[in-house]
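The values are calculated or read from the model by the stated rules, or taken from the named source; none is laboratory data. Not measured: the values here are computed from a predicted model. Counting neighbours? That spans all protein chains shown, and the Cβs are built from the backbone with ideal geometry, glycine included.
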Amino acid sequence: MRWLRPKSLNGFLLLGLVVLAGPLLWAILNATVQMRRLAGTSQRLVADSVRVTRLTQDMFAQLTLLERSARLYLVLTNPTVLAAFNEHYQSISEIAAALHDPLRGQTARDQLQQFNDALDGIRTQLLVQKPGPHAADELGVTFAKLSDIATSIANLSNSQIDGDVHDLQLKTDLERRELILDSTLLLPLVLIVVLLFALRLSRPLRQIDRAIGELGRGNFSRAITVNGPVDLERLGHQLEWLRHRLLELAQERNRFLRQMSHELKTPLANIREGTELLMDGAVGELDTGQREVTAILRDNGIKLQRLIENLLSFSAWQSNSTGLEVSEFRLRPIVKQVLENQQLTLVSQRVRLDVHVDDITLNADRGKIRLILENLLSNAIKYSPRGGVIYVRALANADELIMEVADCGPGVPLEERARIFEAFYTGRAPAGHVKGTGIGLSVVNEFVNVHKGTIEVVDGEFPGAHFRMRMPMRVVPASPATLPASPAAMAASATTIPVAAMPGSASATTIPVAAMPASPATKKQADAA
């Protein structure tokens, strides 16, 4: 029976349509035939009922006129009255003849025959007997008998109509039960056919969906195989070709990134070494303005080195040459180190910090967590307005680490949030800002994913861009020796982290960098930034 199986998706759809439409078409035709039959029966019943009812009414009317003309003739013996009697007699005879076919059953036929006999007897009695009181009495008795027979015929016709209506109701109920039974039997058949076709087509569709998902996530290592109809298998071959092509492009891009990054590291190392020599006074003592300019050069050198490290990290990650180096460490020192490394940039931008980090000990890759924080903080500093606030939050929720970094900048537009974590995607830079390389957030996303976590842009508490990272980590409670003694000290220790060496610090949680005095050179550089 393999030759009956369609080879293409269109063939499957056509076969499924035929298999499903066949029983449905039969059910519709059967219902149509039954409805037409019932409609014809009911129409015929209504027509017969109206006809019989009208004939019986005319019979009683003509019977009254006949009796009146007969009695008048016995009194007057006028030929004109006799002609009127004969006319009424002819009309009532025609009514009786018309009732012969609609009335069914032997009893109705016998009653109709008795009516005709009594009618003939009245005519004979009227023509043969002489007028007088005795003839009028006999005529009255005959007309009473004729009226009783007419009433009996009318009752039989009504009973016949009631019986026909009852039979029609029974037949309608029977047809309705048959239609319900057919529908009940047809529904499982349709469901079985749908299930068979769904099972037949679901496997190749799942394979295609999984392949497209892996290509979208940048996983090009697994070969794409689709088993099913010919056109779906052809689509699978096209996806396999696309996978090879994307893999080649990714390898070429990674080679370019590695080569360019290594080429940039050598002159950058020389620049940083020269700035360090200037800071150490190897070529002579520097005054305050020169030292600040040299510090700015050193800071930008460090920033450029971080960008190159991001490129190398991204390239290494795309080449699947890196892994997790899991170790146990406390989160607070990592955050403190990252903030201190950004100290000079924060001062030049007049940006304040609002930091609330729980004392958490976790098992993770220490270097990757540090790079995640550095990139999120650098992104927040880049888009924060002068004198703005950057918020850093970290807390433990059961077995999950929740870390948030937010700023007071313009935020991330809704139309860019779906692609903001893609590599090399920069979006539209706000006025006064320079586009980045599009690598930092991509590296953050990759490192969060490798920790089985998620990162997203959310709305709510903070006015600017708000990044929230969730990372399932094993959280180890702090040792009793590190817990503060008083409730006030406990609250301060659990929710804040001190940032050392920040001039003008007003509190442990909010650092007013704008309060730090700046030289003209620093102000000039900050204004240029």
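Per-residue answers, yes or no, for (1) within 32 Å of the chain's Cα centre (by Cα); (2) within 24 Å of GLU325 (Cβ to Cβ):
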{"site": "ILE369", "(1), (2)": "no, yes"}
{"site": "ASN379", "(1), (2)": "no, no"}
{"site": "TYR383", "(1), (2)": "no, no"}
{"site": "ILE390", "(1), (2)": "no, no"}
{"site": "ARG393", "(1), (2)": "no, no"}
{"site": "GLU400", "(1), (2)": "yes, yes"}
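With the structure loaded, tell me whether ARG37 is surrounded by 12 or more Cβ atoms within 10 Å (Cβ to Cβ), assigned by TED's automatic domain parsing to the domain that holds THR151 and over 18 Å from ILE92 (Cα atoms) or whether it fails that test. Judged against the criteria, ARG37 is a match.
Which members of the stretch 180-191 meet the condition of being surrounded by 10 or more Cβ atoms within 10 Å (Cβ to Cβ) and closer than 13 Å to PRO23 by Cα?
Going through the stretch 180-191, the residues surrounded by 10 or more Cβ atoms within 10 Å (Cβ to Cβ) turn out to be 180-183, 185-187, 189-191.
Result: ASP182, SER183, LEU185, LEU186, LEU187, LEU189, VAL190, LEU191.
Checking each residue in the stretch 431-471 for being at pLDDT below 80 and more than 27 Å from the chain's Cα centre (by Cα) picks out ALA431, GLY432, HIS433, VAL434, LYS435, GLY436, THR437, GLY438, ILE439, GLY440.
Quick check: anything in the stretch 46-54 without any contact (Cβ under 8 Å) to a residue 40 or more places away in the chain, surrounded by 13 or more Cβ atoms within 10 Å (Cβ to Cβ) and of a type in the set (Val, Ile, Thr)? Yes: one or more hits.
Can you name the residue in the stretch 114-135 that is more than 30 Å from HIS100 (Cα to Cα) and loosely packed, with under 15 Cβ neighbours inside 10 Å and, of all such residues, is modelled with the highest pLDDT? Give the derivation first.
First pass over the stretch 114-135, keeping only residues more than 30 Å from HIS100 (Cα to Cα): 129-135.
Then keep just the ones that are loosely packed, with under 15 Cβ neighbours inside 10 Å; that gives 129-134.
Values: GLN129: 62, LYS130: 61, PRO131: 60, GLY132: 58, PRO133: 62, HIS134: 66.
Result: HIS134.
Condition check for SER327 on (1) modelled with pLDDT of 80 or more; (2) part of a helix (DSSP H, G or I): one failure, at (2). Restricting the first member to the stretch 94-116 and to residues that are assigned to a helix (DSSP H, G or I), and the second to residues that are of a type in the set (Gly, Ala, Ser), the beta-carbon pairs closer than 8 Å and six or more apart or on different chains are ALA108/SER157; GLN111/SER152; LEU112/ALA96; PHE115/ALA96; PHE115/ALA150; ASN116/SER93; ASN116/ALA96.
Of all residues in the stretch 64-88, those satisfying the criterion of being touching a helix residue (DSSP H, G or I) at 6+ places or on another chain (Cβ under 6 Å) and under 22 Å from ILE153 (Cα atoms) are LEU65, LEU66, GLU67, HIS88.
Whenever a residue of the stretch 391-406 is more than 14 Å from ARG370 (Cα to Cα), its partners that are of a type in the set (Gly, Ala, Ser), lying with C-beta atoms within less than 6 angstrom and at least six residues away or across chains, give the pairs TYR391/ALA406.
Name the residue, out of ALA144, ALA198, ALA211, that is in a helix (DSSP H, G or I) and surrounded by 14 or more Cβ atoms within 10 Å (Cβ to Cβ).
Details: ALA144 fails: surrounded by 14 or more Cβ atoms within 10 Å (Cβ to Cβ); ALA198 fails: surrounded by 14 or more Cβ atoms within 10 Å (Cβ to Cβ).
Among ALA144, ALA198, ALA211, only ALA211 is in a helix (DSSP H, G or I) and surrounded by 14 or more Cβ atoms within 10 Å (Cβ to Cβ).
Of all residues in the stretch 150-191, those that are farther than 30 Å from THR107 by Cα and out of contact with any Pro (no Cβ under 8 Å at 6 or more places or on another chain) total 14. Scanning the stretch 216-238 for residues that are touching a Lys or Arg at 6+ places or on another chain (Cβ under 6 Å) and surrounded by fewer than 16 Cβ atoms within 10 Å (Cβ to Cβ) turns up just one, VAL230.
Of all the residues in the stretch 327-361, those that are surrounded by 20 or more Cβ atoms within 10 Å (Cβ to Cβ) and free of Cβ contacts under 8 Å to residues at least 40 places away in the same chain number 3.
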